[in-house]
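The values are calculated or read from the model by the stated rules, or taken from the named source; none is laboratory data. Quick caveat, the model's predicted, so the values are computed rather than measured. All Cβ positions, glycine included, derive from the backbone under ideal geometry; neighbour counts span all protein chains shown.
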Amino acid sequence: MIGGSPCQGFSNSNRKKGKNYLDDPNNKLVKEYIKSIKANENCQVFVLENVPQIFSAGEGQFRNEIYDALSDFEITSGILTAADDYGSAQLRRRAIFIGSKIGKIELPEPEVTPENYMSVREAFDGITDDIENQIDYSIPRQSTIDRMECIRPGENWKAIPEELKTSKMKEGSGPHSSVYRRLVMDEPSITITNVRKSNITHPILNRSLTIRECARLFGLPDSFAFKGSLDAMQQLIANSVPVDMARSIGNVVKKAITQFNIRNKDVALV
């Protein structure tokens, strides 16, 4: 069973109140996924994908609860980075748990060295407006364009002059570092969140990324078409896992099952 249950309940207040993270309503889908694994008596291997904060929440309390809830599995866990390890053009970090009843399954080993990272330029190579979803992007307001014009590759909202900053930008530390981040052509992309909400900016043009450009950064083929409203497509791609990372995880699981089947022909898994 493979799933990526969303969760938002990372506040340390859970620990202070003596409550479990898995009981937090914000983490309901993680708990439901665990219940589904436990309810499936035929489940021999599971993969749980989540955000890296799941390891640090409550100084490891959240992670420990998952281990305890699925203690009948031998679990391997860690944080993987798509560009560092698996050939993606995106520096996306994800927490991965692999549980197994057929022998311990290690996380996939890195496959790409830093000097061979895929760049944004390579990912965008050959894109034209004729490719599906390439014309799907948020049309920026003039005020947004004015801010983007002030930002060089690698910079973010902090490079915007004071007179053009929003009130939120002027308050304290301001928005997340990805807001108005202009990508660098010859480097991997930062983690792609919802580009409409964060205004992650094209390396050259004064607009946010298109759906197809985002898809290229996730390793999705141009034949994979997104449908629905623009808002829905932007959120869908933001919630995704890079294809190369997912493939690497799938490969170690497949290898473990294949080896188990060779050793145990009378009870082979399918």
Working only within the range 112-142, note down all residues that are of a type in the set (S, T, N, Q) and either over 17 Å from H202 (Cα atoms) or surrounded by 15 or more Cβ atoms within 10 Å (Cβ to Cβ) (or both).
T113, N116, S119, N133, Q134, S138
Check whether at least one residue in the range 186-198 is touching a Leu at 6+ places or on another chain (Cβ under 7 Å) and farther than 22 Å from Y117 by Cα, and report yes or no.
yes
Here's a check for you: in the range 47-100, which residue that is crowded, with 22+ Cβ neighbours inside 10 Å and of a type in the set (S, T, Y) is nearest to A123 (Cα to Cα)?
S88
May I ask you to verify whether S88 is in a loop (DSSP other than H, G, I, E, B) and in contact with an Asp or Glu (Cβ under 9 Å, 6 or more places away or on another chain)?
yes
Under 6 Å between Cβ atoms, which residue pairs at least 6 apart in sequence (or on different chains) link something in the range 187-198 that is in contact (Cβ under 8 Å) with a residue 40 or more places away in the chain with a partner that is part of a loop (DSSP other than H, G, I, E, B) and among the aromatic types (F, W, Y)?
P188/Y117
Flag for E155 being over 17 Å from A215 (Cβ atoms), free of Cβ contacts under 8 Å to residues at least 40 places away in the same chain and exposed (fewer than 15 other Cβ atoms within 10 Å of the Cβ)
no
Whether any residue in the range 111-132 is out of contact with any helix residue (DSSP H, G or I) (no Cβ under 8 Å at 6 or more places or on another chain), outside any loop (DSSP other than H, G, I, E, B), charged (D, E, K, R) and at pLDDT below 95 is what I want to check.
yes
Flagged pairs (Cβ under 7 angstrom, 6 or more apart or on separate chains; first in the range 209-232, touching a residue at least 40 places away in the same chain (Cβ under 8 Å) and within 20 Å of S189 (Cα to Cα); second of a type in the set (G, A, S) and assigned to a helix (DSSP H, G or I)) are R216/A123; L217/A123
Just need a number here: residues in the range 177-202 that are in contact with a helix residue (DSSP H, G or I) (Cβ under 7 Å, 6 or more places away or on another chain) and under 22 Å from L236 (Cα atoms).
13
